[in-house]
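Okay, structure first, notes after.
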Amino acid sequence: MNLEELDKKYVLQTYARDYTNFVKGVGSVLYDDKGKDYIDFASGIAVNSVGHGNERLANAICEQAKKIIHISNLQVIEPQAKLAEKIVKLSGYDMSVFFANSGAEANEGAIKIARKYGEIKFDKKRYKVITLEGSFHGRTITTVKATGQEHFHSSYFSPYPHGFSYENSIADVYAAIDEETVAVLIELVQGEGGVQPFDKEEIQKLASYLKKEGILLIVDEVQTGIFRTGEFLASNLYEIEPDIITLAKGLAGGVPIGAVMTKHKDILVAGDHGSTFGGNYLSTAAGLAVLEILEEMYERGDIAEALLYFENKLQNIVQKYTHLFEKEVGLGLMRGLRAKSSEIQIKTIKQSMKEGLIVLKAGRNTVRLLPSLTITKDEINEGFKRFEKAISSIV
Ligand SMILES: *Cc1c(COP(=O)(O)O)cnc(C)c1O
């Protein structure tokens with residue numbers, strides 16, 4: 001049986017998969033089993049924040065694996081405490097952290113904190129969470145319900161938990177708040193929804209309004225966090241101080257991890273929440289190595305330089321291929337090209353793959369670009385060379 005047959009026979013077919021078999025990666029270059037190379041502008045959907053085959057990350061993982069991979073959360077875990085400290089210090093917020101294993105799980109934790117907050121901080125329980133249309137918050141029964149995209153709420157998986165509603169825009173959130181609303185959950189740049197950033201002033205206005213009303217602001221930074229927008233958190237870039245922030249994707253460079261951080265440190269107490277794997281030695285040692293690498297790069301100005309360089313290239317594409325793309329969208333190294341049709345979007349992704357470049361889809365007509373934060377100028381140049389080759393055949 002070849003790999004494709006093996007996959008089709010034994011793996012549940014929940015993905016529309018591409019069958020290129022990648023066997024090795026170096027930085028932002030991936031190699032398939034035939035030796036063909038690909039520039040990686042996807043980094044495993046914003047996960048491989050320090051690229052592939054990163055020596056420092058690999059060594060940190062190996063060294064930790066040889067000592068202890070896992071002991072339960074009933075014991076204190078040194079790299080977990082150190083990673084929590086690192087996250088809090090980089091964020092600049094006075095918060096504490098709970099570790100989970102994925103973005104959805106981090107958001108579940110955030111919703112649990114909000115619901116308990118709504119129970120103990122108000123005379124009459126508040127439990128409703130407002131989210132936005134076009135948002136994406138995960139695939140568990142609760143986080144998929146928190147996701148503001150109707151097509152995710154298939155009746156197959158019903159009944160869903162109550163208490164989630166969706167608003168069309170930030171401006172609509174105000175009127176939707178009632179006496180049962182406990183939190184507003186948003187992405188600052190909607191990732192899956194089409195790489196759509198919100199206006200900074202509008203977000204700041206919402207944040208101060210919610211603070212005044214005693215309603216929690218939860219920012220889902222699963223995709224925007226870990227220097228993706230140029231700052232450690234998009235919340236730093238937007239200069240707001242949320243009540244709860246969730247992280248995952250880029251935090252441990254590909255080792256599964258999720259985190260929820262909050263300034264309300266006294267809401268959850270022993271027994272309220274937990275995870276078997278969450279925050280174990282392996283994932284948090286990986287997270288520490290990733291944050292050390294990225295912090296050094298940030299301090300040197302390397303991340304700022306990479307994102308400027310990447311943005312310039314993208315602007316050139318938009319100016320040159322006006323018949324294909326409307327505009328570029330996004331922030332930092334979380335970018336998109338708004339295609340003039342979903343057909344152009346799909347063709348661009350397919351042709352790019354043929355030319356040896358991996359790009360992603362987002363929303364109905366956006367080509368999404370999420371390169372590793374360690375991508376070099378040479379890799380960016382080569383990637384865009386291949387991109388132009390790929391789209392030059394599209395009419
Ligand atoms: C990817 C993503 C999630 C879900 O993360 P998983 O690790 O797949 O559970 C949640 N929120 C946002 C904004 C995401 O981009």
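The values are calculated or read from the model by the stated rules, or taken from the named source; none is laboratory data. If you're wondering where the values come from, they're calculated on a predicted model, not measured in any experiment. Virtual Cβ from ideal backbone geometry, glycine too; neighbours counted across all protein chains shown. Just so you know, the surface numbers come from the protein's heavy atoms only, side chains and all, with ligands and any DNA or RNA stripped out. Shrake-Rupley method; radii C 1.70, N 1.55, O 1.52, S 1.80 Å.
So which of Phe384, Phe325 is open to solvent by less than 60 Å² (accessible area, probe 1.4 Å), in contact with a strand residue (DSSP E or B) (Cβ under 7 Å, 6 or more places away or on another chain) and not aliphatic (A, V, I, L, M)?
Phe325
Tell me, which residue of the range 135-162 that is of a type in the set (Gly, Ala, Ser) and surrounded by 15 or more Cβ atoms within 10 Å (Cβ to Cβ) is farthest from Val195 (Cα to Cα)?
The extreme case among them is Ala146.
Might you let me know whether the range 105-122 holds any residue that is under 20 Å from His264 (Cα atoms), within 16 Å of the ligand (Cβ to nearest atom) and polar (S, T, N, Q)?
Yes: one or more hits.
Name the single residue that is farthest from the ligand (Cβ to nearest atom) among those in the range 38-47 being open to solvent by 30 Å² or more (accessible area, probe 1.4 Å) and closer than 11 Å to Ile358 by Cβ.
This residue is Gly44.
Suppose the filter is touching a residue at least 12 places away in the same chain (Cβ under 8 Å) and out of contact with any strand residue (DSSP E or B) (no Cβ under 8 Å at 6 or more places or on another chain); does Ile317 pass it?
no
Given the options Asp7, Asp33, name the one that is open to solvent by 30 Å² or more (accessible area, probe 1.4 Å) and away from the ligand (no atom under 16 Å from the Cβ).
It is Asp33.
Condition check: within 16 Å of the ligand (Cβ to nearest atom), open to solvent by 40 Å² or more (accessible area, probe 1.4 Å) and free of Cβ contacts under 8 Å to residues at least 60 places away in the same chain. Does Tyr174 satisfy that?
So Tyr174 fails the test.
I'm told Leu132 meets every condition in (1) more than 20 Å from the chain's Cα centre (by Cα); (2) surrounded by 20 or more Cβ atoms within 10 Å (Cβ to Cβ); (3) farther than 26 Å from Ala289 by Cβ except one. Can you identify the failing condition by its number?
Of the numbered conditions (1) more than 20 Å from the chain's Cα centre (by Cα); (2) surrounded by 20 or more Cβ atoms within 10 Å (Cβ to Cβ); (3) farther than 26 Å from Ala289 by Cβ, the odd one out for Leu132 is (1).
Among the residues of the range 94-103, write down those that are within 17 Å of Thr224 (Cα to Cα) and open to solvent by less than 20 Å² (accessible area, probe 1.4 Å).
Of everything in the range 94-103, just one residue is within 17 Å of Thr224 (Cα to Cα) and open to solvent by less than 20 Å² (accessible area, probe 1.4 Å), namely Gly103.
Restricting to the range 86-104, what's the tally of residues that are more than 15 Å from the ligand (Cβ to nearest atom), more than 10 Å from Thr246 (Cα to Cα) and not acidic (Asp, Glu)?
10
What about Thr143, is it within 16 Å of the ligand (Cβ to nearest atom), under 18 Å from the mean Cα position of the chain (by Cα) and closer than 30 Å to Leu288 by Cα?
Yes: the conditions hold for Thr143.
Could you run through the range 177-214 and say how many residues are out of contact with any Gly (no Cβ under 9 Å at 6 or more places or on another chain), open to solvent by 20 Å² or more (accessible area, probe 1.4 Å) and within 16 Å of the ligand (Cβ to nearest atom)?
Total meeting the criteria: 1.
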